[in-house]
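The values are calculated or read from the model by the stated rules, or taken from the named source; none is laboratory data. What you see is a predicted model; the values in this text were computed from it and never measured. When we count neighbours, we look across all protein chains shown, and the Cβ atoms used for this are built from the backbone with ideal geometry, even at glycine.
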Ligand code: 26V
């Protein structure tokens, strides 16, 4: 093995064991004789946590002393997954822990599995934030994350009789990775009214008065970098009643119930993560969450800035704030309020500071996901903020009017206030006006936002305000942790584990693409990963699959635009084709396992239908004696980060088949290729850049292009829309009741056949089926297939989140790494 780094870890395995035993016997107050796997996990986590805390304190001191500019990443979602394995690997002491745990009678894999996922996110946006934290720390960049400490993360999904059932995810029972900071609190105001006073100079000041207070309490989570001592901070806010435990007046006067109710109302704010992704429902509680989190975070950031007693004009030289989608857009308004109302700055001076501080990342072009809040709700909940928004809008529209005189339609189009019934605040427009940079997350997406939803703003602000930063993923979790054997094999060819810090070094393995031994081990590792997934499928779904089959995977949130329906219709087509064959012909076919996973938003009826159809097809196909191993259909329950760590390394082909122009980037596409799987996909999001990097011979692209989507949709609505004949046969089969209740699936069919086929399922169906046939053909030539896989992995360096974070750091945040003397 190669000499690995080690960061201020335990002296040796005995040192580690000593600490584990101490935690079992003191912190957990148990004896080693009744130490079960969960207790062993707890003690092991506490032992590693001790190591992190020391470096965490040192990092914070170092950053404060250096007085360098910090980045604050504001995200309502951080989809962190498990922390123990990550901490062991980043410190470089997994081997030590493995040996120590073995001596204590435990297998390290079993111990790691005891940990509950930190599932504080929906999907891509939340996981991106988690990858970014890993890269920021690994690159020694001074940065904090700010989020909400939800009591319930994304719901747990159970599949009962083929239907999704949601179960609450209470995850805080035992969480050794968070530190409550009961001394770090901020009281946050809601409701009330605005008064104005006139000072001696004649200047009027607004005062936001009355209303109610809710207290924000900080919980800190250490974020260790890989092979460095830098340990950054993720601060999550939890809500509680500002008046303390109870209102004692009420309590003593016998009004016990209502004193408890006040407390519960306050705690509701951080109680639950909204499980919608890509659908904005405009609920008051969600806006309360947003303001609560933004106000607490800004108070904290401003408090830290003020300690150094600098001039306000220096604020943007000390502080960069990145808005992860529009969810924290209120931060723009809140900072303007602090500077003008509380600190007495002139409007224009304050606004300069604000704009130079913020950057905004857009993650979707779907109109139903763009946040809007009604003016009435704002007026009620945040009356002073509404006034400030009106002023921001007024000054903005005045500058537009000066640059484009007499264009009333332009003014109406770009106004932050939509003149609808009721009037709405357009959060994306506010985010653009209040930031110095706006970025999309893949090239196509960044081009699309400039030519569609934000087109007018490009004319107003010029093209330089808009930029692209293509997403990335952390190779530490998504290669080294999820696929240790592949990581080790790659290290033998690269000559070290340096590729984990500079992923472009992967290109060295291309020199070994013809090395027989290397190829053999490569294939063995893929098979072993498939065996492991097959075992998981057996245990969780009760389906027996042959690990030598082609594993075809689509795991992601269930959404019409991601087109799991296209996939399952394709599976049905395959089933019908196999059924129509003679037994001799069938024997020549390539066995395939279609694996699905993902959650539907609880109120998203169509997505739930899709899940039900997949499960229903599985029941029929998996029990059809004619078919046997030739086709299996599996829906994996409760897809989450730790499941992804098992699934990703085990795929032969994964599906990224969104309607062109709808998937902003996608990040699992990167993870699958990095783990030696190939892609079938549309020309969408980061698929396009993946193709550019790995070469078009190594990817299976199909379907219409983004530029054709508008015309195709138009043709559906105004022309005659005949659906693909093969797809029509699939529909007929479903309607015959082959997969059970025809009623349940009628919505999916009519959406395509009768309601305009908005996601172009029929238009892309033929191309999809043909391309899947090419996949079969390519997979039969295993030698050529492995060549494609190795070549692709070697060219994936670009998709490290380290590259991505460096682009943000240089182009948007203007922050620099802080030199670490005791580097590993
Ligand atoms: C939007 C909303 C709307 C209001 C209700 C709650 C909620 C929660 C999340 C979202 C964000 C949707 C946008 C999103 O997740 N975009 C994904 O971002 C990934 C990282 O950039 C990207 O890879 C995916 O393509 C994109 O869909």
- Item | Members of segment 675-719 that are closer than 20 Å to residue 566 by Cα, outside any helix (DSSP H, G or I) and more than 16 Å from the ligand (Cβ to nearest atom) | 678, 680, 699, 700, 701, 702, 703, 704, 705
- Message: For segment 135-159: of the residues being within 15 Å of the ligand (Cβ to nearest atom) and in contact with a helix residue (DSSP H, G or I) (Cβ under 6 Å, 6 or more places away or on another chain), which is farthest from residue 7 (Cα to Cα)?
- Response: 148
- Collect the residues in segment 308-323 that are in a helix (DSSP H, G or I), in contact (Cβ under 8 Å) with a residue 12 or more places away in the chain and over 14 Å from residue 144 (Cβ atoms), keeping them in residue-number order. 312, 313, 315, 316, 317
- Keeping to segment 411-437, report how many residues are in contact with a strand residue (DSSP E or B) (Cβ under 7 Å, 6 or more places away or on another chain) and farther than 23 Å from residue 812 by Cα. 8
- Tell me which of these residue 125 doesn't satisfy, since it passes every other one: (1) more than 16 Å from the ligand (Cβ to nearest atom); (2) outside any loop (DSSP other than H, G, I, E, B). (1)
- Query: Do we have residue 573 as crowded, with 24+ Cβ neighbours inside 10 Å and either out of contact with any strand residue (DSSP E or B) (no Cβ under 9 Å at 6 or more places or on another chain) or without any contact (Cβ under 8 Å) to a residue 60 or more places away in the chain (or both) here?
  - Reply: no
- Item | Top-ranked residue in segment 274-290 [being surrounded by 16 or more Cβ atoms within 10 Å (Cβ to Cβ) and in a helix (DSSP H, G or I); ranked as farthest from the ligand (Cβ to nearest atom)] | 288
- Of the conditions (1) part of a helix (DSSP H, G or I); (2) crowded, with 18+ Cβ neighbours inside 10 Å; (3) in contact with a helix residue (DSSP H, G or I) (Cβ under 6 Å, 6 or more places away or on another chain), residue 359 fails just one. Which one is it? (1)
- Could we say that residue 467 is under 27 Å from residue 126 (Cα atoms) and assigned by TED's automatic domain parsing to the domain that holds residue 642 here? no
- Query: List, please: which pairs have Cβ atoms under 9 Å, are six or more places apart or on different chains, and start with a residue in segment 800-821 that is under 16 Å from residue 70 (Cα atoms) and end with one that is surrounded by fewer than 17 Cβ atoms within 10 Å (Cβ to Cβ) and modelled with pLDDT under 95?
  - Reply: 815/68; 816/68; 818/66; 818/68; 819/66
- Query: Would you call residue 36 more than 24 Å from residue 8 (Cα to Cα) and either in contact (Cβ under 8 Å) with a residue 60 or more places away in the chain or within 16 Å of the ligand (Cβ to nearest atom) (or both)?
  - Reply: no
- Message: Against the condition without any contact (Cβ under 8 Å) to a residue 40 or more places away in the chain and within 15 Å of residue 86 (Cβ to Cβ), how does residue 109 come out, does it pass?
- Response: yes
- Query: Just checking, which of 128, 46, 52 is within 29 Å of the chain's Cα centre (by Cα) and closer than 24 Å to residue 670 by Cβ?
  - Reply: 128
- Note on the structure: Within segment 438-462, of all residues that are in contact with a strand residue (DSSP E or B) (Cβ under 7 Å, 6 or more places away or on another chain) and more than 16 Å from the ligand (Cβ to nearest atom), the one farthest from residue 709 (Cα to Cα) is 458
- Task: Go through segment 463-495 and count every residue that is in a loop (DSSP other than H, G, I, E, B) and within 30 Å of the chain's Cα centre (by Cα).
- Result: 7
